[in-house]
Structures are given as C-alpha cells and as structure tokens.
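Participant: I have a structure I would like to understand better, so I am pasting it below and will then ask my questions one at a time.
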Amino acid sequence: MEMHISNPDMEHYLEQLARGASPGDQLPTIRELMRGYGVSQIRVQRAFQSLKARGLIESQVGRGTYFRGAADPAATAPRHTHAPVTGGRAPASAVKSVLLLRRSISIARGRVLLEGLQRRLAAEGHRVLELSYTDPDHALVVLKGLPRFDACVVQSSYKTIPIALLAALKDKSDVVAVDGAVLVGADVESVGTEWGEPLAEAVDVLQRQGHRRIGFAVTSLPFLATQLARRRFDRFRETLSGVELQELAIPFLPDGDYVSTLVGRLKASLDESGQLPFTGLVVWGVEDGARLLAELSQAGMAVPQALSVVLLGRVDLANEHADFFHTVGCRVSDQIDGLHQAIHARWSDPSAPHGIHLIPVAARTGQSVAPPANG
C-alpha cells in the first residue's frame, strides 16, 4: 500500500507530524511505516535519525521514540497563509488545530474544497494539517501517530467510511465533520448535497425545451445522496404526465471508468436508424466535461443537436461543466462555507444537535440544451 500525505514521501510526512505535534506525542511505529509506505526498516531508521539530528524527535530507554514538539513557533504555522483574510484572525487564546483528511483520488472537487477550507481556517490564524489517505486501513495507520485536534474534517469521496475510522477520528477530536451528505444519526457534522432537488430542476429544464423522452444516468452503487435522486426519479415516472423516463445505471463512481461506460451504454441503446430512446439526458457524476463532450461527438451524438444534456454537478468547477454544459447542482464555495460554519458552530455550542447540513442548489446556464430536433 502506498501512502500519500500531501506529498507521497515518508520523510515529508514525518516532518509534518513533527511540526504539529505536542511534546511527548508518540511516532508511528517502524513496522507501521514499513507497511504503509512499502519501505525497508533501514529507510525508516534513517528518517528517524534525520528527525533526531534536527531536534524534532527524541528517544529514551523505556519510553521509546517521541516528538519533542515544534521548538520554533513559526514551524507550527499552517501552509497557504497567503490567502486573503475573511473575518479576521483569531486571538491567540482562540487558535484551534484542525486536521483535514483527504482521499487521494483524482477528484478535483475534493482537492479544491479542502484547499479552500484550509485557506479559510489559516487566514483566521488556526493551525491546519492536511493529510491524504488511500483507503480506510491507510487512514487508521496515519491517525495512530497523530495528536488530538480541535476539529477533524474527513472526505470519503463516495467510498464507505467504516465505523473503525469514525471511532479513530472521534478519538482524535470531539468535532468531526464529513465532506458529503453521507451520514445520518451519528455524532458528526455531515455537509453536502442531496441530488433529488437538482434532478427535479434539470428535468424541468428539459421539459420546458419540449423534451418528452428523458434519460437519467447515475451510479448504480448505493450511497445516500444519489439514492435520494433515484427515488425522486422513480416518483417522476409515476407522476409526470406525457413524459417517458429511463434510468441508465452506471456500475462505477466518478473516479472509475464512468464516462466511457456511459457513452458505451448510449451507443448500445441506439435503434436501427441511429436514434436514442430519449432526446434529453440528465447526467450525474461527470468529472471531466470536455471528455464527455468529445466521446459523445466521436460516437455520433452531437450535443445539443442530437441530444440535449444537463449535468448534475458543481457549477463553479470548469473541469466539470467545461464552459459548455448546462449544470444544476451546487457550488464548491458553498460547501466550503458549510463546513466552515459547521465547525465553528460546534466550537461555539458543543451540545447542539448533530446532523446533515444541505448546501443550496445552484445552476449554470450552458449551451448543451436545445429543443428536440424532431419537435
């Protein structure tokens, strides 16, 4: 298993831990680092020697190896302090420590979101440590060697968050926030989007352009936010008069072979005359809008001449809408605001009820929707 800790380098990871540690905090064990990074015992020992030579760690017989804590106050300052200040810096007595735990997958939204949240917290004077993980087992290894924080934010990026990982996060902080509307009834803050409302608006956009045969492409893998959209779509099948609806279930998530599988399904549904069974299509989960447009064109499905398309996604991410697609969904900036507000609210009132915080629906007009060619 390969580790990715903001930089895929074990020495860099250990130095980050050292800069944010309190005196006496234990290091990850040699065995954990060997397993997590796939490196030899000699390399781990050399890394420890380097930290020891710089006065960042210390070893004592009977006590083991532990962090000395950052001797230089500047060493604990968060990265990305060049961001503009919003709301002013916190007084020294109110400075908090925050851990941002990011899934190391190629989803631009997750990277942009945590970088924005990090800048917001750092501009207020809080100490922020961002780490990334490949899977839950890796995250548990990472967390084991960390001190406690005043807040932890974790990204699941469509993957399961095991109970063991939640327990480890709660052990590190009383304030845990999850990026995404994925948890209900847990003592964490969950901030994200449920896709039923954006789906309803997208279907309405196509109906107003005259489309009466509409498809909906979405992952078949179950998680809360998209399950709510699929339920809404099933309800539309029963209640929308004069409209034919068809679901295309894609057995991948956006970080998998999602777009190519979708286009393949569309090609397979063409009739003998080369016509699709619908004239309008709502698509959830597109990470690369330019790629979708290119693959549709290569398959002979010009947008919007042959097929009108509305994306369910982030209206402020150009990699998704590609400055072309009509997009309904949310803004990453609103999700940053939601997480920021949830953390501060929990700091202000630790006894307040936990729950899901849904961010506002937003829309971006694009060039991907037109009246159906056959009227």
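The values are calculated or read from the model by the stated rules, or taken from the named source; none is laboratory data. Just so it is clear, the structure is predicted and the values come from calculations on it, not from any experiment. Positions of Cβ are backbone-derived with ideal geometry, glycine not excepted, and every protein chain shown enters the neighbour counts.
Participant: Looking at segment 120-159, which of its residues are of a type in the set (Gly, Ala, Ser), closer than 26 Å to LEU224 by Cα and out of contact with any Asp or Glu (no Cβ under 8 Å at 6 or more places or on another chain)?
Facilitator: SER132, ALA139, ALA151
Participant: To continue, here is another question. Go through (1) touching a helix residue (DSSP H, G or I) at 6+ places or on another chain (Cβ under 7 Å); (2) among the aliphatic types (A, V, I, L, M); (3) surrounded by fewer than 24 Cβ atoms within 10 Å (Cβ to Cβ); (4) closer than 25 Å to VAL328 by Cβ for LEU199 and report which single condition fails.
Facilitator: (3)
Participant: I need the full set of residues from segment 129-167 which are closer than 24 Å to ALA352 by Cα, over 16 Å from the mean Cα position of the chain (by Cα) and either of a type in the set (Val, Ile, Thr) or buried (at least 20 other Cβ atoms within 10 Å of the Cβ) (or both), in order please.
Facilitator: Within segment 129-167, PHE149, ALA151, ILE163, LEU165 meet the criteria.
Participant: Being basic (Lys, Arg) and in a loop (DSSP other than H, G, I, E, B) is the filter here; which residues of segment 326-375 pass it? Explain how you work it out, then say what you get.
Facilitator: Going residue by residue through segment 326-375, those that are basic (Lys, Arg) are 331, 346, 364.
Hit for segment 326-375 is ARG331, nothing else.
Participant: Looking for whichever is at pLDDT 90 or above, in a loop (DSSP other than H, G, I, E, B), within 30 Å of GLY24 (Cα to Cα) and of a type in the set (Lys, Arg) here; the options are ARG119, ARG148. Which one fits?
Facilitator: Within the list ARG119, ARG148, the selection yields ARG148.
Participant: Continuing with the same structure: Quick one: what pairs do we get from segment 179-194, first residue aromatic (Phe, Trp, Tyr), second crowded, with 19+ Cβ neighbours inside 10 Å, C-beta under 6 Å, 6+ apart or different chains?
Facilitator: Sorted first by the residue in segment 179-194, then by its partner, the list stays empty.
Participant: Condition first: buried (at least 16 other Cβ atoms within 10 Å of the Cβ) and either in contact (Cβ under 8 Å) with a residue 60 or more places away in the chain or part of a loop (DSSP other than H, G, I, E, B) (or both). Can you find one or more residues in segment 255-270 that meet it?
Facilitator: yes
Participant: Follow-up. Take segment 306-325 and flag every residue that is more than 16 Å from the chain's Cα centre (by Cα) and either assigned to a helix (DSSP H, G or I) or farther than 16 Å from THR365 by Cβ (or both).
Facilitator: ALA306, LEU307, ALA318, HIS321 - these are the residues of segment 306-325 that are more than 16 Å from the chain's Cα centre (by Cα) and either assigned to a helix (DSSP H, G or I) or farther than 16 Å from THR365 by Cβ (or both).
Participant: May I ask you to verify whether PHE278 is part of a loop (DSSP other than H, G, I, E, B), at pLDDT 95 or above and surrounded by 15 or more Cβ atoms within 10 Å (Cβ to Cβ)? Outline the logic, then answer.
Facilitator: Working: part of a loop (DSSP other than H, G, I, E, B): yes; at pLDDT 95 or above: yes; surrounded by 15 or more Cβ atoms within 10 Å (Cβ to Cβ): yes.
Yes; evaluated as a whole, the condition is true for this residue.
Participant: If you scan segment 222-281, which residues turn out to be under 20 Å from ASP204 (Cβ atoms) and acidic (Asp, Glu)?
Facilitator: Result: ASP234, GLU238, GLU244, GLU247.
Participant: Do the conditions hold for LEU292, that is, is it surrounded by 20 or more Cβ atoms within 10 Å (Cβ to Cβ), over 22 Å from ARG212 (Cα atoms) and outside the structural domain of ARG265 (by TED's automatic domain parsing)? Before you say what the answer is, go through the steps one by one.
Facilitator: Numbers: surrounded by 20 or more Cβ atoms within 10 Å (Cβ to Cβ): yes; over 22 Å from ARG212 (Cα atoms): yes; outside the structural domain of ARG265 (by TED's automatic domain parsing): no.
No.
Participant: Within segment 155-177, restricting attention to residues that are of a type in the set (Val, Ile, Thr) and at pLDDT 95 or above, which residue is nearest to SER104 (Cα to Cα)?
Facilitator: VAL176
Participant: Does LEU228 qualify as being surrounded by 14 or more Cβ atoms within 10 Å (Cβ to Cβ) and free of Cβ contacts under 8 Å to residues at least 12 places away in the same chain?
Facilitator: Numbers: surrounded by 14 or more Cβ atoms within 10 Å (Cβ to Cβ): yes; free of Cβ contacts under 8 Å to residues at least 12 places away in the same chain: no.
Answer is no for this residue.
Participant: Quick check on this structure: which one of ILE30, ILE42, ILE57 is buried (at least 21 other Cβ atoms within 10 Å of the Cβ) and modelled with pLDDT of 80 or more? Let's see the steps before the verdict.
Facilitator: Working: ILE30 fails: buried (at least 21 other Cβ atoms within 10 Å of the Cβ); ILE42 fails: buried (at least 21 other Cβ atoms within 10 Å of the Cβ).
Going through ILE30, ILE42, ILE57 in turn, the sole match is ILE57.
Participant: Counting only residues that are among the charged types (D, E, K, R) and exposed (fewer than 15 other Cβ atoms within 10 Å of the Cβ), which one in segment 60-78 is modelled with the highest pLDDT?
Facilitator: ARG63
Participant: From (1) touching a residue at least 60 places away in the same chain (Cβ under 8 Å); (2) touching a strand residue (DSSP E or B) at 6+ places or on another chain (Cβ under 6 Å), pick out the condition that doesn't hold for VAL361.
Facilitator: Only one criterion in (1) touching a residue at least 60 places away in the same chain (Cβ under 8 Å); (2) touching a strand residue (DSSP E or B) at 6+ places or on another chain (Cβ under 6 Å) is unmet by VAL361, namely (2).
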